[in-house]
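The values are calculated or read from the model by the stated rules, or taken from the named source; none is laboratory data. The structure presented is a predicted model; accordingly, all values stated were derived computationally and were not measured. With ideal geometry, Cβ positions are generated from the backbone for all residues, glycine too; neighbour counts draw on all protein chains shown. What goes into the accessible areas is simple: the full protein's heavy atoms, side chains included, and nothing from ligands, DNA or RNA. Shrake-Rupley method; radii C 1.70, N 1.55, O 1.52, S 1.80 Å.
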Amino acid sequence: MSVSLRVLDDGAWVSVNDAREVSVSELWRLDDPSFCGCDLPDFVVENVLSVGADGRTVAAKVYGQCIACGETGVPGWVPVGRLSDGEFVDIDREHAVLPVHTDDSN
Ligand SMILES: [Zn+2]
């Protein structure tokens, strides 16, 4: 299975198999207590830095801001979708709590 994951347009899009699938300006609720002081930060995505796959999960590293407290920065890897038979499957990012995964390997 070969899936092409790329960041396009200077961080405006996550592209999967040459289709633009995830854009900036979405509002995500993150499960990431280390990002700021909020329990579940309401995070507006400003720039996509990188994208990768962890098994079937497509995750992105993004820069953005918590709209509740104003904290800016880069949380861990945020799941943005899934892969099913090499196809991208959207998750309902704006109505879910997204479990941020911290990669401690670097
Ligand atoms: Zn906050």
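Observations
- Residues (within 13 Å of Pro79 (Cβ to Cβ) and open to solvent by 80 Å² or more (accessible area, probe 1.4 Å)) located in the stretch 4-59: Arg29, Asp54, Arg56
- The strands (runs of 3 or more DSSP E) found entirely in the stretch 13-58 that carry 3 or more residues being among the acidic types (Asp, Glu) are 42-54.
- Residues located in the stretch 12-31, provided they are closer than 20 Å to Glu71 by Cα, in contact with a Leu (Cβ under 8 Å, 6 or more places away or on another chain) and not hydrophobic (A, V, I, L, M, F, W, C): Arg29, Asp31
- If the condition is being more than 7 Å from the ligand (Cβ to nearest atom) and hydrophobic (A, V, I, L, M, F, W, C), then the stretch 36-53 contributes Leu40, Phe43, Val44, Val45, Val48, Leu49, Val51, Ala53.
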